[in-house]
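J.: Here it is, the structure in full.
The values are calculated or read from the model by the stated rules, or taken from the named source; none is laboratory data. These figures come from a predicted structure and were not determined experimentally. Glycine gets a Cβ as well: all are built from the backbone with ideal geometry, and neighbour counts include every protein chain shown. The area values use the complete protein model at the heavy-atom level, side chains included, leaving out ligands, DNA and RNA. Shrake-Rupley method; radii C 1.70, N 1.55, O 1.52, S 1.80 Å.
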Amino acid sequence: MIFFHINKKLLLMKLHYFVGIGGYAPLIPFMSTIAKQRGYSSFIVGLVFAVMPIPGMLAKIIFGSLTDKYNCRRLVFVLSAILTSLLVFIMLLIPNTNTNEEMDDSDAIRSPLFWLFWTTATLFATTATVKNVLEDTICMNLLGENKHQYGGQRLWGSIGYSLLAIASGVCVDWYSKEQEFKNYTPCFVIALMCFILDIFVVSNIEVVQESSYTNKVSSDVKKLLTEFRILAFIVWVVLFGFFVSFLWNFLFWYLEDLSTFYHPETKSWMKTLQGLAILIQCFGGEVPSFFLSGYILKRVGHMNVFSIMFFVYALIFFLFSIIENPVYVLPVEILSGVAFALFYSGAISYAHLSTPAGAEGTFQGVVGTALTGIGTPIGSLVGGYMFQIIGSISSFKLLSVLVLITCIVQIIVNQMIIRFSKNRNIKTTSRRGQPEVGVDFTL
């Protein structure tokens, strides 16, 4: 019989994931629609989303290496939480410039408010990426030999994200009742409350850090990046970031287009619908998938999971492209949650198991950079351009084909690695002799 029990040592980590990741739900998903309401074109929004992760890309590598070398994960972790709260407060104070007309791109980039808003948002995204790398590294080290319990911790981030997304959507629709434009003030207030609470949580989390960072470890990480299987893994993470950026940054934009073209009656409760989409994605897809990720990765294998998830994303983009009623996006969001949770869990565990002891933060920073520092920015730029040139529906149809091609290529490359590589994969042991992620129902 399987008994469920709570590991008290990990309670604060769970609470951090709940409020620390959940705090982004009132802002990140709605950022593109906030920009659209300010009159910025899809190309400008895509361009900004492409530039936003660049400082974070550098910060991930720099702070990942520094915290490994100088044993200062706790300090940087707490400082990133404080700075995140401060930046949300600044964004709350920036005046709104709502308009029904799309601004000329040149006029937009000459506006001081444009630069104030996006500079603050970029700094916000940078602190988020640093905190993301540190939280996963700290969590993995807290788990010790029980790396297979990572999904049981990370799922609390999905729970918090989904609940706060639907709460924010309902509050925005209620607060904006009988107004011409949506008022996003409740989003900033809810996010600020979460991040302030998170400061107290991260200040009390036990940080377990090995003092084993040496020049030899640094050299080992460089050697790791010369292995073909690792380079292939990083390419898959980049492509994952490229494709998922379309959903992160433009799905809500797409839903508002569907509402405008086909179902204008949904406009009055669009934010609630968008929040409900995140709720279903997280509770219907991410939470159970994070919970079962260890079992699935052990039985199926990391690279095979990546192949399946690429195919699922191809199906997701195709389904989105044929939907006319924005309500019908809700069941598809379950697939989106499953795909993200399994791919993300696989990437985190594969990276950790492949990393020399003491350099976890460094390599997690490299993987994080591949995801949100390379793949996501390129996807954002291409997505904004595609939405402006060929439209949102045609963009999703084209993406379904591109993801399917990626899936086929990934399967072929994976089979080549298995056949020709001496170190075939990490199916049974890692560089540190630890077993691959397995099943465990400890929360």
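J.: Given just the C-alpha atoms of the chain, how large is their convex hull per residue in cubic angstrom?
T.: Hull volume normalised by residue count: 135 Å³.
J.: Just the ratio, please: alpha-carbon radius of gyration of region 54-164 over 2.2 N^0.38 Å, N its number of residues.
T.: 1.37
J.: Sticking with this structure for a sec: By how many degrees, 0 to 90 and rounded to 10, does the Cα axis of helix 73-93 deviate from the longest principal axis of the chain?
T.: 0
J.: Something else now. What's the angle, to the nearest 10 degrees (0 to 90), between helix 42-51's Cα axis and the longest principal axis of the chain?
T.: Relative to the chain, helix 42-51 is tipped by roughly 30 degrees.
J.: Quote the Stokes-Einstein diffusion coefficient, in whole µm² s⁻¹, for region 33-96, based on the Kirkwood radius over alpha carbon pairs, a temperature of 37 °C and a viscosity of 0.692 mPa s.
T.: 231
J.: Which residues make up the longest stretch of the chain clear of chymotrypsin sites (Phe, Trp or Tyr not before Pro) that lie in a DSSP loop with no more than 14 other Cβ atoms within 10 Å, not counting the sites?
T.: Of all site-free stretches, the longest is 263-440.
J.: Now for a separate question. Leaving ligands, DNA and RNA out of it, rank 14, 36, 9 by accessible area with a 1.4 Å probe, largest first.
T.: 9, 36, 14
J.: To continue, here is another question. Can you give the Rg/Rh ratio of region 66-119, where Rg is from the C-alpha atoms and Rh is the Kirkwood radius?
T.: 1.24
J.: Given 10 Å bins starting at zero, what is the percent of C-alpha pairs of region 102-251 in each, up to the one with the largest pair distance?
T.: All Cα pairs considered, the percentages come to 8, 21, 34, 22, 11, 3, 0.
J.: Could I ask something else about it? Restricting the calculation to Cα positions, tell me the Rg (one decimal) and the Dmax (whole number) of region 1-128 in Å.
T.: Expressed in Å, the Cα Rg and Dmax of region 1-128 come to 18.5, 65.
J.: Right, something else. Taking just the alpha carbons, could you work out the radius of gyration and Dmax for region 344-410, both in angstroms?
T.: 15.9, 48
J.: Where Lys and Arg each count +1 and Asp and Glu each count -1, what net charge lies around residue 393 among other residues with Cβ under 14 Å from its Cβ?
T.: -2
J.: Checking the cross-link filter: which lysines have an alpha carbon closer than 25 Å to that of residue 14, excluding same-chain neighbours under 8 positions apart?
T.: Leaving aside lysines fewer than 8 places away in the same chain, those within reach of residue 14 are 60, 131, 147, 298.
J.: Please build a GNM for the chain, connecting alpha carbons under 10 Å apart, and tell me which residue among 402, 164, 134 fluctuates the most.
T.: Result for the chain, Cα springs under 10 Å: 402 fluctuates most.
J.: Now, a different point. Once the Cα atoms of helix 215-224 and of the chain are each reduced to a long axis, what angle between those two axes, in degrees from 0 to 90 to the nearest 10, is obtained?
T.: That helix lies at roughly 70 degrees to the long axis.
J.: Top to bottom by accessible area (1.4 Å), largest first, where do 263, 352 land?
T.: Ranking 263, 352 by accessible area, largest first, yields 263, 352.
J.: So what's region 245-365 giving for Rg/Rh, alpha carbon basis, Kirkwood Rh from the mean inverse pair distance?
T.: Across region 245-365, the Cα-based Rg/Rh ratio is 1.08.
J.: Of 302, 278, 374, which is farthest along the charge dipole of the chain in the positive direction, counting Lys and Arg as +1 and Asp and Glu as -1 at C-beta?
T.: 302
J.: Next question, about the same structure. List the relative contact order of the chain as a percent without decimals, with contacts defined as Cα pairs under 8 Å and 6+ residues apart.
T.: Worked out over the chain, it gives 29 percent.
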